[in-house]
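The values are calculated or read from the model by the stated rules, or taken from the named source; none is laboratory data. Nothing here was measured: the structure is a model prediction, and the numbers come from that model. Here the Cβ positions follow ideal geometry from the backbone for every residue, glycine too, while neighbour counts run over all protein chains shown. Note: areas computed on protein heavy atoms with side chains; ligands, DNA, RNA excluded. Shrake-Rupley method; radii C 1.70, N 1.55, O 1.52, S 1.80 Å.
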Amino acid sequence: MTDHYAVVGNPVAHSRSPQIHAEFARQTGQDIDYTRLLAPLDAFPATVRKFRDEGGKGLNVTLPFKLEAFRLCEPADSAVDAEAVNTLTLVDNTIRGDNTDGVGLLRDIQHNLHCAIAGKRVLIMGAGGATRGVMGPLLRERPALLVVANRTLDKATRLVAQFEKFGKFTARGISALPDAGLAGATFEIVINASSAGLNVEMPALPAGVFAAGALAYDMVYGKPTPFMKFAAAEGAGISDGTGMLVEQAAESFLIWRGVRPDTAPVIAMLKREG
Ligand code: ATR
């Protein structure tokens, strides 16, 4: 019998998750279908419950519902850290929530891009949901330093305070302290988790912020962002977030089906298609 899954969001038409999961299912011989589910902005819980009542087994959750999904479910540890959920598993009457974004980012950086995080100086830009989702997993890898830089310093400071239990790291506001904020500091891994990459802007970054051989990672996928262009001009190695997208999907697939698909051919396929 075919098991039903979907990605739920608003908007959701652009989501590449159906293509990714169809490929995973083909590869692993799992009998599933995976569709897009548009939830009205004021009816996310009802949409999830209806999907479950009709026999749906699991949902990936995308914008703007990740926080609402957290409130609706019984959260796993990964979701508690992130206070957000991107994977719902619907079993009988329970709705279990996981957050696979952090693991997805880690697998892409460490496994696919062969860049260890332990002992490195890491800078993450942005202090919104995207950053929150990956903080716990990043800190567990024990970087030498993790700096959260954000246009609004307050927000970065609050985020840091919440994660202080994991270890030592600092928050700095770039725009609030234009050059002084990061001047002179160099990082081996710089991650753009601000939504600046989605438009033509980029977060303010001083020249020289990249250590020799640094990796500049933008969580956005698709065409090169201003951040990636800046990083390339500064001599850093660059990556967009295609690998993270596929890896977080693979982690959801593993939770649901108990089998880990091979992500490399799927990442290559998405990159070819652009
Ligand atoms: P998400 O959940 O996708 O992270 P969010 O919670 O709205 O979205 O957060 C967006 C992040 O991108 C914030 O850290 C925001 O900075 P502020 O806290 O100062 O608003 C950051 N951001 C958005 N546009 C930016 C820009 N042009 N330059 C720098 N930072 C930007």
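Only residues that are β-branched (Val, Ile, Thr), surrounded by 16 or more Cβ atoms within 10 Å (Cβ to Cβ), modelled with pLDDT of 75 or more and part of a loop (DSSP other than H, G, I, E, B): list them for segment 159-189, please. Show your work before the answer.
First, pick out the residues of segment 159-189 that are β-branched (Val, Ile, Thr): 160, 170, 174, 186, 189.
Filter once more, keeping what is surrounded by 16 or more Cβ atoms within 10 Å (Cβ to Cβ): 160, 174, 189.
Checking which are modelled with pLDDT of 75 or more leaves us with 160, 189.
Scanning segment 159-189 gives no hits.
Regarding residue 201, is this residue among the acidic types (Asp, Glu) and within 12 Å of the ligand (Cβ to nearest atom)? Spelling it out, residue 201 is indeed among the acidic types (Asp, Glu) and within 12 Å of the ligand (Cβ to nearest atom). Say whether the condition of being acidic (Asp, Glu), surrounded by 22 or more Cβ atoms within 10 Å (Cβ to Cβ) and out of contact with any strand residue (DSSP E or B) (no Cβ under 8 Å at 6 or more places or on another chain) is met by at least one residue in segment 238-259. Taking every residue of segment 238-259 in turn, at least one turns out to be acidic (Asp, Glu), surrounded by 22 or more Cβ atoms within 10 Å (Cβ to Cβ) and out of contact with any strand residue (DSSP E or B) (no Cβ under 8 Å at 6 or more places or on another chain).
How many residues does segment 52-66 hold that are of a type in the set (A, V, I, L, M) and at pLDDT 95 or above? Break it down into steps so the answer makes sense when it comes.
Step one: list which residues in segment 52-66 are of a type in the set (A, V, I, L, M), which gives 59, 61, 63.
Of the ones still in play, those that are also at pLDDT 95 or above are 59, 61.
Result for segment 52-66: 2.
Could you please give the count of residues in segment 44-74 that are open to solvent by less than 60 Å² (accessible area, probe 1.4 Å), assigned to a strand (DSSP E or B) and free of Cβ contacts under 8 Å to residues at least 40 places away in the same chain? Residues that pass the stated criteria total 0. Contact map, segment 262-274: first residue among the acidic types (Asp, Glu), second residue assigned to a helix (DSSP H, G or I), Cβ cut-off under 8 Å, separation 6 or more or different chains; pairs are 262/27.
Residues of segment 137-158 that are within 14 Å of the ligand (Cβ to nearest atom), buried (at least 16 other Cβ atoms within 10 Å of the Cβ) and in a helix (DSSP H, G or I): 153, 155, 156, 157. If you go through segment 104-134 and pick out every residue that is within 16 Å of the ligand (Cβ to nearest atom) and part of a strand (DSSP E or B), you end up with 3.
Report yes if residue 41 is assigned to a strand (DSSP E or B) and open to solvent by 20 Å² or more (accessible area, probe 1.4 Å), otherwise no. Answer is no for this residue. Annotation note: Cβ proximity below 7 Å between a residue of segment 100-128 that is within 19 Å of residue 86 (Cα to Cα) and a residue that is open to solvent by less than 10 Å² (accessible area, probe 1.4 Å) and modelled with pLDDT under 90 (sequence gap 6+ or interchain) occurs for 127/148; 127/156; 127/159.
Are any of the residues in segment 16-34 within 15 Å of the chain's Cα centre (by Cα), closer than 25 Å to residue 217 by Cα and not polar (S, T, N, Q)? Yes, that holds for at least one residue.
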